[in-house]
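Below is one structure, written out as structure tokens; comments come after it.
Values quoted throughout were computed directly from the atomic coordinates according to the rules given, and no laboratory measurement underlies them. Model, not experiment: these values are computed from the prediction. A quick note on method: Cβ atoms are made from the backbone with ideal geometry, for glycine too, and the neighbour counts reach across all protein chains shown.
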């Protein structure tokens, strides 16, 4: 039986981000292209969320493991850095998963830059308040910032728009 693109995407939908395990690589939008090269060989093009992201090696390994369950013996992982990944590529389902997980998802499209005196804002994923304050430009990973909700007083991470 021949492997289809749908089979491959179904398997890729089970590969999670090692830094935010609630998100799949499809939720993040880092899978750019899948090519079936022959009956047991596939090429997967991925774009890191930022250049030098340490999770990319683990993600590539997990893609290989997942696709081996389909009998695919050769998996070529191509790292494509241009165009650069943007939070605009995240799925709406992924953003919803982030919020449920306690991380505020990006609130604007990166294609719409902040104006001169505008600051990035984050809505509290716990109580929904917009009265929040940035505590640190970086959270547990460089793609997140640390905020505090001034309404419920809970700290939370915000997945920065980029």
Among 40, 17, 27: highest mean-square fluctuation, GNM of the chain, C-alpha pairs under 10 Å = 40
Of all DSSP beta bridges with both partners in the chain, the antiparallel percent, nearest 5, is 65 percent
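Looking at the stretch 5-79, send over the antiparallel percent of its DSSP beta bridges, to the nearest 5.
Working: 7 of 13 bridges.
Counting DSSP beta bridges with both partners in the stretch 5-79, the antiparallel share is about 55 percent.
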Taking all pairs of distinct Cα atoms, average 1/r, flip it, and tell me the Kirkwood hydrodynamic radius of the stretch 5-79 in Å to one decimal place.
-> 12.2 Å
Give me the distance between the Cα centres of the stretch 134-151 and the stretch 5-74, rounded to whole Å.
-> 28 Å
For the chain, treating each Cα as an identical point scatterer without solvent, what Debye log10 I(q)/I(0) comes out at q = 0.11, 0.13, 0.21 1/Å?
-> -0.49, -0.65, -1.33
Sites residue 127 and residue 51, calculated FRET efficiency, Cβ-Cβ separation with R0 22 Å, nearest 0.05 = 0.05
Over the stretch 91-159, volume per residue of the alpha carbon convex hull, in Å³ | 93 Å³
Sequence-separation-based contact order of the chain, relative, with Cα cut under 8 Å and 6+ spacing, percent | 18 percent
GNM flexibility winner over the chain from 35, 80, 97 (Cα, springs under 10 Å) | 35
Gaussian network model of the chain, Cα within-10 Å springs - most flexible of 21, 83, 48 = 83
Before rounding to the nearest 500, sum -39500 (n - 2.57) across all DSSP H runs of length at least 4 in the chain and divide by the residue total; then give [θ] at 222 nm in deg cm²/dmol.
-> -6500 deg cm²/dmol
Give me the number: length gained by fully extending residue 73 to residue 14, i.e. 0.36 nm times residue separation minus the C-alpha to C-alpha distance, one decimal in nm.
-> 19.4 nm
Percent antiparallel among DSSP beta bridges with both residues in the stretch 26-116, to the nearest 5?
-> 50 percent
Hey, what angle do you get for helix 55-68 against the long axis of the chain, alpha-carbon based, 0 to 90 degrees rounded to 10?
-> 40 degrees
